[in-house]
């Protein structure tokens, strides 16, 4: 549980009593690789903090093509924020790629924590702002950068994941087909 407390401490300071209260409102689960935590069409009432392992969020379009939106490794948060905030069915799947330990916070407990530890609102606002900036940057990258440049950015953002994630999922994340990705990677290795 130290990992999540260290994550919070990057932005706000909690007393030991506040840390204990926070932890009492969470649940820790160990998950096996290939576990689907959330399926498209489900309503979610929780978010996940990754203590260890790797998760991804993705959707599947009408042509049955996967589009990876996000990877989350140790110290990262993941969830379907549309469903979580709106209370409506979401359009994301969340899958465990590598055996993981996650900390789960339900929306009800989240709201209680805001009342009992107001500085957590600041923490989660900062997370939301950082996420918004990251998603905007990714959108702009997809519109303006070449596939090679997007791959280079992926490598710098997720340096430890390159060898752990299937290439087809990296290709999906950067917005290219697996075939194009293989050819591009071969060209890059020749340089």
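Going residue by residue through region 74-90, is there one that turns out to be assigned to a strand (DSSP E or B), free of Cβ contacts under 8 Å to residues at least 40 places away in the same chain and buried (at least 17 other Cβ atoms within 10 Å of the Cβ)?
Checked against the condition, which is being assigned to a strand (DSSP E or B), free of Cβ contacts under 8 Å to residues at least 40 places away in the same chain and buried (at least 17 other Cβ atoms within 10 Å of the Cβ), region 74-90 yields at least one hit.
Between 60, 43, which is in contact with a helix residue (DSSP H, G or I) (Cβ under 9 Å, 6 or more places away or on another chain), farther than 21 Å from residue 100 by Cα and in contact (Cβ under 8 Å) with a residue 24 or more places away in the chain?
43
Could you tell me which of the residues 133, 102 is out of contact with any helix residue (DSSP H, G or I) (no Cβ under 7 Å at 6 or more places or on another chain) and closer than 22 Å to residue 53 by Cα?
The match here is 102.
Take the residues in region 7-40 that are part of a helix (DSSP H, G or I) and free of Cβ contacts under 8 Å to residues at least 12 places away in the same chain, then tell me which one is surrounded by the fewest Cβ atoms within 10 Å (Cβ to Cβ). Step through it out loud before you land on a result.
The initial filter retains those residues of region 7-40 that are part of a helix (DSSP H, G or I), namely 7-9, 16-24.
Still in the list and also free of Cβ contacts under 8 Å to residues at least 12 places away in the same chain: 9, 16-17, 20, 24.
Numbers: 9: 13, 16: 7, 17: 9, 20: 10, 24: 9.
Filtering first and then ranking leaves 16.
Name the one entry in 143, 188 that is in contact (Cβ under 8 Å) with a residue 40 or more places away in the chain and either over 18 Å from residue 73 (Cβ atoms) or not in a helix (DSSP H, G or I) (or both).
188
For region 106-127, does any single residue satisfy the condition of being in a strand (DSSP E or B), closer than 25 Å to residue 31 by Cβ, in contact with a strand residue (DSSP E or B) (Cβ under 9 Å, 6 or more places away or on another chain) and touching a residue at least 60 places away in the same chain (Cβ under 8 Å)?
The answer is yes; a qualifying residue exists.
Where a number appears in this text, it was derived from the coordinates with a stated rule and is not lab data. Everything numeric in this text was worked out from a predicted model, so none of it was measured. We place every Cβ from the backbone using ideal geometry, glycine too, and count neighbours over all the protein chains shown.
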